[in-house]
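Just below is one structure, and these are the notes that go with it.
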Amino acid sequence: DFKAVIVGKGPERKGLERLADELGVRDKVYFAGFVPEEQMVKYYSGADFSVLPSLYEPFGIVLLESMACDTPPIVSNACAMPEVIDKAGLLSKPQDEKDLAEKMNRLIGDEKLRNKLGKEGRKRCEKMFSWDVIGKQFEDSYKNYLGG
């Protein structure tokens, strides 16, 4: 009963489509292509979890988008991603497809864990990354810099 949705039109798409055909799972993988930003909330909200196996993400705004929608992310243990998600998602070993698959299977089979991580992610976004919080941090930084 699992279906993968792959969003984006990056250079790996053709290879992923070919792989889905070779593995006989094309009927379980939907390639959405480019999705306008204003429609992404529907994708995040409809997902059980998101996966970002990137090796380089300076910050990973997609992680915040996922977490804001109560959708726990699975990310590579690389760059700033572990710091962004903290305890609100699962970390996989970079370039280790078996570890990534294990993390995905773990969330597929554990609704309670998905819900727990989803709630944790939403709280983390509100506490650490809301515009009010970020605005206050900028204001404090400027006041500190200007001596006031």
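The values are calculated or read from the model by the stated rules, or taken from the named source; none is laboratory data. Keep in mind the model is a prediction, meaning the values are calculated, not measured. FYI the Cβ positions are ideal-geometry reconstructions off the backbone, even for glycines, and counts take in every protein chain you see. SASA here: full protein model, heavy atoms, side chains in, ligands and nucleic acids out. Shrake-Rupley method; radii C 1.70, N 1.55, O 1.52, S 1.80 Å.
Points worth noting:
- Residues of the range 23-45 that are assigned to a helix (DSSP H, G or I), hydrophobic (A, V, I, L, M, F, W, C) and surrounded by fewer than 14 Cβ atoms within 10 Å (Cβ to Cβ): Val41 alone.
- Only listed residue being at pLDDT 95 or above and at positive phi, chosen from Gly60, Gly15, Gly24: Gly24
- Test for Ala20: is it open to solvent by less than 70 Å² (accessible area, probe 1.4 Å), assigned to a helix (DSSP H, G or I), over 19 Å from Arg124 (Cα atoms) and of a type outside the set (Asp, Glu): yes
- Residues satisfying the stated conditions in the range 118-129, i.e. of a type outside the set (D, E, K, R) and either exposed (fewer than 13 other Cβ atoms within 10 Å of the Cβ) or within 13 Å of the chain's Cα centre (by Cα) (or both): Gly118, Gly121, Cys125
- Positions within the range 1-17 being in a loop (DSSP other than H, G, I, E, B), open to solvent by less than 90 Å² (accessible area, probe 1.4 Å) and without any contact (Cβ under 8 Å) to a residue 60 or more places away in the chain, in sequence order: Gly8, Gly10
- Contact map, the range 92-117: residues that are among the hydrophobic types (A, V, I, L, M, F, W, C) paired with residues that are part of a loop (DSSP other than H, G, I, E, B) and at pLDDT below 95, Cβ distance under 6 Å, separation 6+ or inter-chain. Pairs shown: Leu100/Pro53; Ile108/Phe2.
- Cβ-Cβ under 9 Å pairs, at least 6 apart or on other chains, the range 52-67 side without any contact (Cβ under 8 Å) to a residue 60 or more places away in the chain, far side part of a loop (DSSP other than H, G, I, E, B) and among the β-branched types (Val, Ile, Thr): Glu65/Thr71
- Residue within the range 102-117 that is open to solvent by 30 Å² or more (accessible area, probe 1.4 Å) and closer than 23 Å to Gln39 by Cα present: yes
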